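The values are calculated or read from the model by the stated rules, or taken from the named source; none is laboratory data. This structure is a prediction, so every number in the text was calculated from the model and none was measured. Please note: Cβ atoms are built from the backbone with ideal geometry, for glycine as well, and neighbour counts cover all protein chains shown.
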Amino acid sequence: MGVDPEQVPRRRRKFTAEYRHEAARLVLTSGRTIADVAKELGLGEQLLGKWVRAQKETAAGDLLSDDERAELKRLRRENSQLRMDNEFLEKAAAFFASKRR
C-alpha cells in the first residue's frame, strides 16, 4: 500500500520576479496564447494570465504621469459609480413598467 499521490499536499512553488517577467514577456512578444506558453512552462493558465496582466499594467503605468494616473483612478471610480446608477435605473424602470400592466 503506497501513498495516494492525490492525498499528498503539493508544495507551493515560488517564482522570482525575473521569471514572472520573462514568462509574461514571452506571451506578449511571441504572439502565442497564454495557454500555449503556460503548457510549455508547466504553469497554470490563470497564473500566467495574472502575470501578463500585471506586466501590461506596469508597462502602461510607466507611460502615465502622476496626474494622468490620478485622473485614471478618478475616472475608473466615476465609471464604477455610473454603472451602479445605471443598473439601479434599469431595475427601477423594469419595476415600474411591470406595475403598469
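Of all residues in region 15-66 being among the acidic types (Asp, Glu) and modelled with pLDDT of 90 or more, which is surrounded by the fewest Cβ atoms within 10 Å (Cβ to Cβ)? Explain how you work it out, then say what you get.
Filtering region 15-66 down to residues among the acidic types (Asp, Glu) leaves 18, 22, 36, 40, 45, 57, 62, 66.
Within this subset, residues satisfying the condition of being modelled with pLDDT of 90 or more are 18, 22, 36, 40, 45.
On the way: 18: 8, 22: 14, 36: 14, 40: 11, 45: 14.
It comes out as 18.
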- line: Listed by first then second residue, the pairs whose first member lies in region 1-28 and is not assigned by TED's automatic domain parsing to the domain that holds residue 41, whose partner is at pLDDT 85 or above and surrounded by 10 or more Cβ atoms within 10 Å (Cβ to Cβ), with beta carbons under 7 Å and at least 6 positions apart or on separate chains, are none
